[in-house]
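Working notes, structure below.
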Amino acid sequence: MDHAIPLFSAERVNAGLDLNAPTQRVIASHWYVLGNEVSSFEQEFAAYCCTSACVSLANGTDALELGLRALDVGAGDPVMLAANAGFYGSTAVHAIGATPVYIDVDPETLTMSAETLREELRKVRPKAIIVTHLYGQLADIESIAAIAGEAKIPVVEDCAQSHGAARGGRRAGSFGTIGCFSFYPTKNLGALGDGGAVVTNSAELDTRLRQLRQYGWRTKYHVDVSGGRNSRLDEMQAAILREKLPHLDRWNAERRRIARRYNEAFSDLPLRCPASVGDDYVAHLYVLRISGRDAFRAFLKEHGVTTDVHYPVPDHHQAAYASPAGSRLPVTEAACGEVVSLPCFPGMTDKEVEHVSHAVRLYFGEQNA
Ligand SMILES: *Cc1c(COP(=O)(O)O)cnc(C)c1O
């Protein structure tokens, strides 16, 4: 191999799309912020997610933070979330001065365990619960939403890796009180820069978020809501996302097909594959669990396969916020030492998938890839 197979390729995903037309449309309109492209994208994305409203924002982390603020989460309030999801939810929680309460994950899906959540709710009453659909895998969101609903605690879905993941005819973002998305270029729906959004069925939260993304204004220059800022998706990115949204289901199907081929190729190997390759998994990342990860990664690198680790450090062990008596999260901590991501992206060729499969089998001394 002259070039290593990448983990993701924006060039391949965007191949064949006309990204000049939407860009030119915005230039010709001479309107760059909060215009027709943004309002049209918001309508189209809300419809895609099966929610009544979408408020676009500058990025996915703002979606989480402003989402929590819209739900009245403030300084000192406990917020429950998993600790294996890249610190994004924790960034939002800490930005508010709220207190993260980490819940261990399910060993099958590596998403928040509904059982553990139920137990922890007997000890602490959080102001909100953040559920991350990690790697593109829908969490046990129906159970979690039911448990939270009984206790009247709002649920924030972190859908930054799960655009379009569906179960029982419902899509990611439509199960909770709000759903938060990122359109960072590597996400399943990616802009040509930063972008984010919150979807919701609540007219009240819709209004609140529109105020929060624009300085807390009720009307121009009248600040009615505290905690506001400037967090807007621009017209260029909205126009690009409108061009790309109609292709999202096709791209997700392509990602899922690659994941399925990997799962089949690795079924007899001593490693752990993603639990689902159905509609509830949009294969944002194809993540294996393996002991002796470093040697495995070095072997694959030698064989022209790029890998990465999502994520190596659990949130409660991050240096900036680690507490000496950090909570014990056995499943989370074990997973952080074992997870490794393989290339899985739209536009990846059959030959490349075969090459990766072969290299993985070769590592285990299996020649018949
Ligand atoms: C990417 C990501 C985010 C943050 O999105 P940004 O747009 O980069 O701020 C939040 N949560 C998860 C799970 C993500 O993967």
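The values are calculated or read from the model by the stated rules, or taken from the named source; none is laboratory data. Keep in mind it's a predicted model, so treat the numbers as computed, not measured. In this analysis, Cβ positions are derived from the backbone assuming ideal geometry, glycine residues included, and neighbour counts consider all displayed protein chains. Heavy atoms of the whole protein, side chains included, go into the accessibility calculation; ligands, DNA and RNA do not. Shrake-Rupley method; radii C 1.70, N 1.55, O 1.52, S 1.80 Å.
Check Thr99: other-chain or 5+ apart residues with amide H under 5 Å from its amide H, H built from backbone geometry?
Excluding prolines and chain starts, which carry no amide H, the hits are Gly76, Asp77, Val79.
Ordering Glu150, Glu37 from largest to smallest accessible area (1.4 angstrom probe), what's the sequence?
Glu150, Glu37
After finding the eigenvalues of the alpha carbon gyration tensor for the range 227-284, what semi-axes result from the square roots of 5 times each, listed largest first in whole Å?
35, 16, 8
Would you mind checking which residues have amide H under 5 Å from Ala128's amide H? H placed 1.01 Å from N; only 5 or more apart, or other chain.
HN-HN under 5 Å from Ala128: Met80.
Would you mind calculating the relative contact order of the range 118-238 from Cα pairs under 8 angstrom and at least 6 residues apart, reporting the percent as a whole number?
16
Among the chymotrypsin sites (Phe, Trp or Tyr not before Pro) within the range 46-123, which fall in a DSSP loop and have no more than 15 other Cβ atoms within 10 Å of their own Cβ?
Listed in order of number, the matching sites amount to none.
For the range 63-86 and the range 95-172, what is the separation of their C-alpha centers, rounded to whole Å?
Centre-to-centre (Cα) distance: 12 Å.
Per-residue HN-Hα couplings for the range 118-133, Karplus 6.51 cos²θ - 1.76 cosθ + 1.60 at θ = phi - 60°, whole Hz, x for Gly and Pro?
Calculated HN-Hα couplings, in order: 4, 5, 5, 5, 6, 9, 10, 9, x, 7, 7, 10, 9, 10, 9, 7 Hz.
Mind listing the phi-derived Karplus ³J(HN,Hα) values for the range 180-194, rounded to whole Hz, using 6.51, -1.76 and 1.60 with θ = phi - 60°, and x for any glycine or proline?
With coefficients 6.51, -1.76 and 1.60, one gets 10, 10, 10, 10, 3, x, 8, 6, 4, 10, x, 8, 9, x, 7 Hz.
Based on the mean of other beta carbon atoms within 10 Å per residue, what is the order of 349-355, 198-204, most packed first?
198-204, 349-355
Pick from Leu342, Leu212, Leu271: which residue has the top mean-square fluctuation in a GNM of the chain where Cα pairs under 10 Å get a spring?
Evaluated over the chain, the most mobile residue of the options is Leu271.
Under a 5 Å amide H to amide H cut-off, with H placed in plane at 1.01 Å, what residues pair with Thr306 once short-range neighbours are removed?
Ile5
Please list Lys152, Lys220 in order of solvent-accessible area, largest first, computed with a 1.4 Å probe with all protein chains present.
Largest accessible area first, the list is Lys152, Lys220.
Could you pull the accessible area for Val313 with a 1.4 Å probe, rounded to 10 Å²?
50
Ordering Trp31, Trp251, Trp217 from largest to smallest accessible area (1.4 angstrom probe), what's the sequence?
Trp31, Trp217, Trp251
Tell me the net charge near Glu235. Cut-off is 11 Å between Cβ atoms, Glu235 excluded, with +1 for each Lys or Arg and -1 for each Asp or Glu.
Spelling it out: positives minus negatives among the neighbours equals +1.
Report the accessible area of Asp106, computed with a 1.4 Å probe over the heavy atoms of all protein chains in place, in Å² rounded to the nearest 10.
Rounded to the nearest 10, the figure is 50 Å².
Projected area of the chain, taken from the Cα convex hull and averaged over every viewing direction, in nm²?
18.9
Residue-wise, which Karplus ³J(HN,Hα) couplings in Hz belong to the range 18-26, taking 6.51 cos²θ - 1.76 cosθ + 1.60, θ = phi - 60°, and x for glycine or proline?
Rounded to whole hertz, the list is 8, 8, 6, 4, x, 5, 5, 4, 5.
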